[in-house]
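Asker: Let me give you the structure first, and then I'll get to my questions.
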Amino acid sequence: MTGGGGAPDWLGDGYGHVWMPYTQMQTSPLPQAAVATSGTRIRLADGRELVDGVASWWAACHGYNHPHIVDAIKTQADRMPHVMLAGLANEPAFILAKRLSMLTDHALPRVFFSESGSVAVEVALKIAAQYWHNQGQGQRSKFISFRGGYHGDTFATMSLCDPADGFHAAFQGVAPAQFLADLPVDGAAEEGLSQLLAQNGHRTAAMVVEPLVQGAGGMLFHDPGVLQRLRRLADTHDVLLIFDEIFSGLGRLGTMLACDQAAVRPDILTLSKTLTGGTLPLAATLASEKVFDAFQSDKLEHCLMHGPTFTGNALACAAANASLDLFMHEPRLHQVQALEDRLVPSLAPCRDIPGVQDVRGKGAIGVIQLDIGSFEELTWLRGRFVDAGSWIRPFGNIVYLTPAYGIDDGDLATLTGAILHVLPEWSDKFGKAA
Ligand SMILES: *Cc1c(COP(=O)(O)O)cnc(C)c1O
């Protein structure tokens, strides 16, 4: 059913009821009505097809509707969509836990399942805090996070995000205060962090970082050396180290885990976004045996005090197992490498457009940083990208591509072509200086 202008009736009707995420609903245009997906394409209700440059918030790493994942979900749905995990085991969750442990060469062999990235980070924080509490060090209740970082939208994770990113300005004073540090990118920053730890390590449970790329904070990259310095400092000052690989993990940067590139293991690690290939909500928090051991006791109150209703959901775990299969059956990591070779070179001509500040990338991530002045500009850009047949959704001061790893040359050319076509118009329209 379509109403006026080709828009389906459900779109306008439902817009009066669905509270859209991160959207000023008074001024935003209506969302595009998506009706079907396939590979790297999104079909709209009016018949247009967009080439997807976002992979649905960075999650659909194999493209949409991959038959291997769809089949796994259908088979599991027929057999047993879900049973509670407490007291009952299900095969997809138990197999997945071992496979995730294998990704870390069993350095992090204990896996806790939840349904979203934010909750996986919350669980990581609770594990870290209770790790110390169980050992009589309950005063270690603070966390250290880093400028440019983003770790989620729930209260504790908000307290780890860089306040300058502006996601959570309304909640300052509500979320608990933590320590915000500069990433140890050089000797001076390392010394600063070392001093913070010397003064406050005794009341710190853990440091939390996104390895190699800070995503929602603006797609900011750093070297593997940063992770090695963090590991060293964590060991020296005896605090736990948490790697939030919700964006960086599972191939996005060319290795199954970003921390593989630094040959460093954290004590706790989180995964989500790409975990089910972008099909179903699922997240995992992995912990080392050292961390797990602190919960082993004859006292019930020493066990991990967490258990979401849908933890270990069989349907989502079946999708995740199928997604992991695809990293073995299809040349995913080679595809990411090939993307890395093409992405930034194909975006490099943007450097000559007045108002473009930087072009950068790594793995299956390409980023153009703009001198962007207003939200109006973002909204205008988003609309123009759709007009150009692409689904590209700039935020903050960046336009970026995080496509499916196996996107073909033609669709990639549509995406980069849209950017090279739209940015000069933006530059003219909004009077950007060279
Ligand atoms: C997206 C993201 C989160 C939050 O995940 P949700 O599923 O949106 O709750 C946490 N950390 C990082 C690094 C992320 O990119």
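The values are calculated or read from the model by the stated rules, or taken from the named source; none is laboratory data. Predicted model only: the values in this text are computed from it and were never measured. Here Cβ is always computed from backbone atoms with ideal geometry, including for glycine, and neighbour counts include all displayed protein chains.
Asker: Go through segment 9-126 and tell me which helices (runs of 4 or more DSSP H), entirely inside it, have 3 or more residues that are not hydrophobic (A, V, I, L, M, F, W, C).
Answerer: Correct list: 9-15, 67-79, 91-103.
Per-residue answers, yes or no, for (1) buried (at least 19 other Cβ atoms within 10 Å of the Cβ); (2) modelled with pLDDT of 95 or more:
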{"residue": "Pro109", "(1), (2)": "no, yes"}
{"residue": "Phe112", "(1), (2)": "yes, yes"}
{"residue": "Ile127", "(1), (2)": "yes, yes"}
{"residue": "Gln172", "(1), (2)": "no, no"}
{"residue": "Leu183", "(1), (2)": "yes, yes"}
{"residue": "Ala188", "(1), (2)": "no, yes"}
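Asker: So, in segment 165-184, how many residues would count as being more than 16 Å from Glu210 (Cα to Cα) and touching a strand residue (DSSP E or B) at 6+ places or on another chain (Cβ under 9 Å)?
Answerer: Summing the residues that are more than 16 Å from Glu210 (Cα to Cα) and touching a strand residue (DSSP E or B) at 6+ places or on another chain (Cβ under 9 Å) in segment 165-184 gives 4.
Asker: Also, I was wondering about something else. Which ones in segment 414-434 are free of Cβ contacts under 8 Å to residues at least 24 places away in the same chain and of a type outside the set (D, E, K, R)?
Answerer: Looking only at segment 414-434, we keep the residues that are free of Cβ contacts under 8 Å to residues at least 24 places away in the same chain, and these are 428, 431.
Gly431, the sole residue that qualifies.
Asker: While we're here: Take residues that are charged (D, E, K, R) and tell me which of the strands (runs of 3 or more DSSP E) falling wholly in segment 324-434 contain 3 or more.
Answerer: So the answer is 356-362.
Asker: Taking only segment 286-313 into account, find how many residues are crowded, with 24+ Cβ neighbours inside 10 Å and closer than 21 Å to Val83 by Cβ.
Answerer: Counting residues in segment 286-313 that are crowded, with 24+ Cβ neighbours inside 10 Å and closer than 21 Å to Val83 by Cβ gives 2.
Asker: Here's another thing I want to ask about it. Within segment 129-159, track down each residue that is in a helix (DSSP H, G or I), within 16 Å of the ligand (Cβ to nearest atom) and surrounded by fewer than 24 Cβ atoms within 10 Å (Cβ to Cβ).
Answerer: Phe155, Ala156, Met158 - these are the residues of segment 129-159 that are in a helix (DSSP H, G or I), within 16 Å of the ligand (Cβ to nearest atom) and surrounded by fewer than 24 Cβ atoms within 10 Å (Cβ to Cβ).
Asker: Additional query: Give me the residue from segment 98-107 that is under 12 Å from Leu324 (Cα atoms) and among the aliphatic types (A, V, I, L, M) and, out of that set, surrounded by the most Cβ atoms within 10 Å (Cβ to Cβ).
Answerer: In this case the residue turns out to be Leu100.
Asker: Same structure, new question: Please go through segment 228-249 and give me each residue that is within 17 Å of Gln214 (Cβ to Cβ) and away from the ligand (no atom under 12 Å from the Cβ), ordered by number.
Answerer: Arg229, Leu230, Leu241
Asker: May I ask you to list the residues in segment 96-127 that are within 17 Å of Leu241 (Cβ to Cβ), within 16 Å of the ligand (Cβ to nearest atom) and touching an Asp or Glu at 6+ places or on another chain (Cβ under 8 Å)?
Answerer: Matches in segment 96-127: Val121, Ala124.
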